[in-house]
Amino acid sequence: MIKAILIFNNHGKPRLIRFYQYFAEDLQQQIIRETFHLVSKRDDNVCNFLEGGSLIGGSDYKLIYRHYATLYFVFCVDSSESELGILDLIQVNIIQTHVFVETLDKCFENVCELDLIFHMDKVHYILQEVVMGGMVLETNMNEIVGQVELQNRMEKSEGGLSAAPARAVSAVKNMNLPEIPRNINIGDINIKVPSLSPF
């Protein structure tokens, strides 16, 4: 089972953090630092998985990672399953890392660190299409991209939050309201209603 997915840059700054097991906030920060230290000091020509750090379970956990340009993509998985199960899990995660990165590449057209910073909601949506609750849901990149495109179309058709005021004004204009009174007389009180027309 996947315990955490960590993405950080070459300087150890976290860009996406998703824990599927509860850790206190300060312990999460320590895990991120320790994981970065373990992964960043490795040569590029060594294998892409190693034992987890002491904070995330030591030899009971494996860190499976890929280094792309300025970003490290790290999947932390437990090793409480059988050896064949762990081997399948490692292979799934190595493939999964590729699927995740390639999906990000396809959705953002050559994904970079700034895409993860400025489009965090979209990155989390893509990740949730791939992994939820520590379990791999989908490994077919075309399916994932199709769901992301469907989500984008729905957001555009609704106009998003930025279009809400314009939609509200348009809806009010299209309502069949009776003539708005210009003067309201209540006993001795006379109220003049200002024109609501923007023209």
### Query
Rounded to the nearest 10 Å², what accessible area does S157 show when all protein chains are kept and the probe is 1.4 Å?
100
### Task
Return the subset of K13/K62; K41/K122; K13/K122; K3/K156 for which the Cα-Cα distance in this structure is over 27 Å, preserving the input order.
K41/K122; K3/K156
### Message
Counting only other residues whose beta carbon sits under 12 Å from that of T35, what net charge do I get with K and R as +1, D and E as -1?
### Response
+3
### Query
Around I7, with a cut-off of 12 angstrom between Cβ atoms, what is the net charge of the other residues, counting Lys and Arg +1 and Asp and Glu -1?
+2
### Summary
Length gained, S59-R18, 0.36 nm per residue minus C-alpha separation, equals 12.7 nm
### Message
As a test of reading the structure, rank R153, R18 by solvent-accessible area (1.4 Å probe, protein chains only), most first.
### Response
R153, R18
### Query
In what sequence, largest accessible area first, do D60, D78, D105 appear using a 1.4 Å probe?
D60, D105, D78
### Query
If you take the beta carbon distance between H37 and Q128 as r and set R0 to 30 Å, what does 1/(1 + (r/R0)^6) give as a FRET efficiency, to the nearest 0.05?
0.60
### Task
Treating cross-link reach as a plain straight distance, find the lysines whose alpha-carbon is under 22 Å from the alpha-carbon of K192, omitting any fewer than eight places away in the same chain.
K173
### Query
So what's the net charge close to Q147: Lys and Arg +1, Asp and Glu -1, counting the other residues with Cβ under 9 Å from its Cβ?
-4
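The values are calculated or read from the model by the stated rules, or taken from the named source; none is laboratory data. Everything numeric in this text was worked out from a predicted model, so none of it was measured. Here the Cβ is made from the backbone with ideal geometry for all residues, glycine too, and neighbour counts use every protein chain on show. Accessible surface areas use protein heavy atoms only, side chains included; no ligands, DNA or RNA. Shrake-Rupley method; radii C 1.70, N 1.55, O 1.52, S 1.80 Å.
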